[in-house]
1. Using θ = phi - 60° and the Karplus relation 6.51 cos²θ - 1.76 cosθ + 1.60, list the HN-Hα couplings for the range B:40-56 in order, rounded to whole Hz, with x at every Gly or Pro.
2. Quick check on my link table: of B:86/B:125; B:126/B:177; B:31/B:137; A:93/B:86; B:137/B:177; B:95/B:126, which ones sit more than 21 Å apart, alpha carbon to alpha carbon?
3. Take every Cα pair under 8 Å in chain B that's 6+ residues apart, average their separations, divide by the length, and report that relative contact order as a whole percent.
4. Please compute, for peptide A:84-93, the average count of beta-carbon atoms on other protein chains lying within 10 Å of each residue's beta-carbon.
5. Taking +1 at the Cβ of each Lys and Arg and -1 at the Cβ of each Asp and Glu, which of A:83, A:126, A:35 sits farthest along the dipole of chain A towards its positive end, judged by Cα position relative to the Cα centre?
6. Taking just the alpha-carbon atoms of the protein assembly as shown, what radius of gyration and Dmax come out, in angstrom?
7. Quick check for me: using +1 on Lys/Arg Cβ and -1 on Asp/Glu Cβ, what's the dipole size of the range A:2-121 about its Cα centre, in debye to the nearest 20?
8. I'd like the distance separating the alpha-carbon centroids of the range A:59-78 and the range A:82-131, in whole Å.
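Derivation of every value follows stated rules applied to the coordinates shown; laboratory data play no part. All figures in this text were calculated on a predicted structure; none of them were measured in a lab. With ideal geometry, Cβ positions are generated from the backbone for all residues, glycine too; neighbour counts draw on all protein chains shown.
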Amino acid sequence: MLKRLLLLGVVSGILAGIVALIYQKVYSSSVGADFSNIAKPIGIVISNIVGCLIAALGYWILNKLLKAKTEIVFNFIFMILSFASMLPVFAAKLPLDVNAPELFPGLVIPMHFFPALAWFTLEPLFIKNSD
Amino acid sequence: MKKVFFSMAALLSLATVLAFAPASNWQIADKYTVRFAGGGEVGGIFKTLKGTIAFDEQNLAASNFAISISVASINTGNALMNTHAKSDEWFDAAKYPEIKFTSKKIVKAGNAFQVTGDMEIHGVKKELTLPFSFQNKGATGTFSGTFTINRSDFHIGKPGGDVEGNIKLDVMIPVIKK
């Protein structure tokens, strides 16, 4: 079970990272603000993978504790944490040479939901209901 | 006798011309910085500055500054703080779009200078004396000065809170001789 969860974590992290990079490209070209020096592509991919791996461990621990109710509780916690992770973005202080910091949350906040979206998309392939 | 009179008259004329000769005009170059710090995390820059500078170290009487800073160009690095700073609670950028300083008198102070003039922020005009130095490199130069301004004097924000009363300003203006 843990092996499959970790694999799900890595694969969904990579998927979320790829989607985030595509979004970054589209966002930068459409609003004309480049934040690639702050949200570096490698950092985006790594943080998505790490986030999904933490989710995998969380799922595994919840499964040990809750058994049948794991999925619904996990999904709730994942969404709440994704929402909560938006708050530090609003408080972020960017380097002063960065123009238009007001466009930064528009780039980063949607990215905070990509790990959850990727996880929910791929989960049926890795976790069977009978597990 | 006539020769002496004409020589004296010529010298007097020359002295008069020199005393009232306009100081050298300087054009503000790019890469100027206007930084402010109000304690802790509070700090930032103003990105847009313009103005006219006539300055001659040998002729301070004819030297003068007229500088204006765009309030809307404030950048604290944080979107919410920028919006807050421009709001009517702080600078009220919509009503008072510019911070202005117009010099009245410039004097030598040790190795540096002091300029006395009218500072206008948030619609409040107040006479201030600010220290500054000038690095003359011939065709170019750099004015720099560090000083503090009490924001309560200009009715900016409410007293107390996270932002200190005295705001430290660090100004560096590179110039090119016109």
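1. Couplings: x, 7, 7, x, x, 9, 10, 8, 10, 9, 8, x, 10, 10, 10, 8, 9 Hz.
2. On the way: B:86/B:125 19 Å; B:126/B:177 30 Å; B:31/B:137 17 Å; A:93/B:86 17 Å; B:137/B:177 10 Å; B:95/B:126 18 Å.
Checking Cα-Cα distances, B:126/B:177 exceed 21 Å.
3. Working: 372 pairs, mean separation 40.2, N = 178.
This gives 23 percent for chain B.
4. Details: counts 0, 0, 0, 0, 0, 1, 3, 5, 4, 8.
If you average over the peptide's residues, the count of other-chain Cβ atoms is 2.
5. Value: A:126.
6. Final numbers for Rg and Dmax: 30.0, 123 Å.
7. Working: 8 positive and 4 negative charges, 121 e Å.
With only Lys, Arg, Asp and Glu charged at Cβ, the dipole is about 580 debye.
8. If we compute the Cα centre of each part, the gap is 21 Å.
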